[in-house]
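Colleague: Please see the structure below; I have some questions.
The values are calculated or read from the model by the stated rules, or taken from the named source; none is laboratory data. Predicted model only: the values in this text are computed from it and were never measured. We place every Cβ from the backbone using ideal geometry, glycine too, and count neighbours over all the protein chains shown.
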Amino acid sequence: MTDYGHDLLFGSFVTPSSARPAEVVDLAVASERAGLDLVTFQDHPYQPALLDAQSLLAFVAARTTRVRLAANVTNLPLRPPAVLARTAATLDLLSGGRFELGIGAGGFREAVVAMGGRGLAPGASVDALAEAIGLIRELWNTEERGGVHRDGTYYSAHGAKRGPRPAHDIGVWVGAYGPRMLALTGRLATGWLPSYDYLKEGAASLPAMNARIDDAAREAGRDPREIRRFLNIMKPERATVDFLTELAVEHGISGFVVGGDDEGAIRRLGEEVAPAVRRAHASGRAGG
């Protein structure tokens, strides 16, 4: 049994189809009505079949009142971190503290380059992400006086003005799989946001990946419990009560983001599956 001490969160992963924009927003609103905690959208700015994630998040924030919102995950190479810091803080202020920053090093290098971004090699992209997270947090920190000065290999600031301050401590949730990205998550992130289908050995991959995050957190002087463990479940039929309960009790997963663009499936997740998993999880904690 693995327990990082977090209550369970349940969310939707809605496809931001540019061919059906009204339906996308309706599914986000339906997620809130169903009692879900989180609505997320993929961020692929080079894909015209998809709506721009940041614009969509702002629109959905205006149509909802309670649910948290995040990109799953933000494509850093096409979102300059200093500007992303302003965007995130603005969305958080406008939504009343409901925005969270899902972020990744960026895949699909050729597509990024085609849009004018830098096509970094995998190792360099990890270093760039670490620099970006540091810069974003510096710009959010309005308790310090003076501008932000950071000389990075990939991202720098020379007197950039701080603020605005977000409405709450925005979570930084990293999509990570490889050893260096998992270590970065342990050092710098407040959440880990991978997808089940990308785990080489399914749930059997989780103990070693969790351990990598935990070890890096301890080496950085952090408590591993500071890092919430999410999991994207892209096939909604996989999101059964038994499976999600096993992930929660055995592997410490406390955030489940389920794909599928079906309002009925969203209602079942929020109204039937989530309450049952919460009861089973509470029972497992008590028994564990």
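Colleague: Check the stretch 106-115 and report whether any residue there is farther than 18 Å from L50 by Cβ, within 18 Å of the chain's Cα centre (by Cα) and buried (at least 22 other Cβ atoms within 10 Å of the Cβ).
Modeller: no
Colleague: Let me ask something else about it. Return the total of residues in the stretch 243-260 being in contact with a Phe, Trp or Tyr (Cβ under 9 Å, 6 or more places away or on another chain) and of a type outside the set (S, T, N, Q).
Modeller: Total meeting the criteria: 11.
Colleague: Enumerate the pairs (first residue in the stretch 68-90 and at pLDDT 95 or above; second residue anywhere and among the β-branched types (V, I, T) and part of a loop (DSSP other than H, G, I, E, B)) with beta-carbon separation below 7 Å, excluding pairs fewer than 6 apart on the same chain, so at least 6 apart or on different chains.
Modeller: Going by the 7 Å Cβ cut-off, the qualifying pairs are A88/I170.
Colleague: Of everything in the stretch 248-258 that's buried (at least 22 other Cβ atoms within 10 Å of the Cβ) and in contact (Cβ under 8 Å) with a residue 60 or more places away in the chain, which residue is nearest to A19 (Cα to Cα)?
Modeller: Of everything passing the filter in the stretch 248-258, V258 is nearest to A19 (Cα to Cα).
Colleague: Quick check, is R267 part of a helix (DSSP H, G or I), at pLDDT 95 or above and either touching a strand residue (DSSP E or B) at 6+ places or on another chain (Cβ under 6 Å) or among the charged types (D, E, K, R) (or both)?
Modeller: yes
Colleague: Would you please name the residue that is surrounded by the most Cβ atoms within 10 Å (Cβ to Cβ), looking only at residues in the stretch 58-80 that are small (G, A, S) and assigned to a helix (DSSP H, G or I)?
Modeller: A61
Colleague: Might you let me know whether the stretch 89-101 holds any residue that is surrounded by 15 or more Cβ atoms within 10 Å (Cβ to Cβ), within 27 Å of M234 (Cα to Cα) and of a type in the set (D, E)?
Modeller: yes
Conditions tested, residue by residue: (1) out of contact with any Pro (no Cβ under 6 Å at 6 or more places or on another chain); (2) in contact (Cβ under 8 Å) with a residue 24 or more places away in the chain; (3) not charged (D, E, K, R).
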| residue | (1), (2), (3) |
| --- | --- |
| R222 | yes, yes, no |
| R229 | yes, yes, no |
| K235 | yes, yes, no |
| V241 | yes, yes, yes |
| E246 | yes, yes, no |
| A282 | yes, no, yes |
| R285 | yes, yes, no |
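Colleague: Tell me, which residue of the stretch 191-245 that is hydrophobic (A, V, I, L, M, F, W, C) and in a strand (DSSP E or B) is surrounded by the most Cβ atoms within 10 Å (Cβ to Cβ)?
Modeller: Out of the qualifying residues, it is F230.
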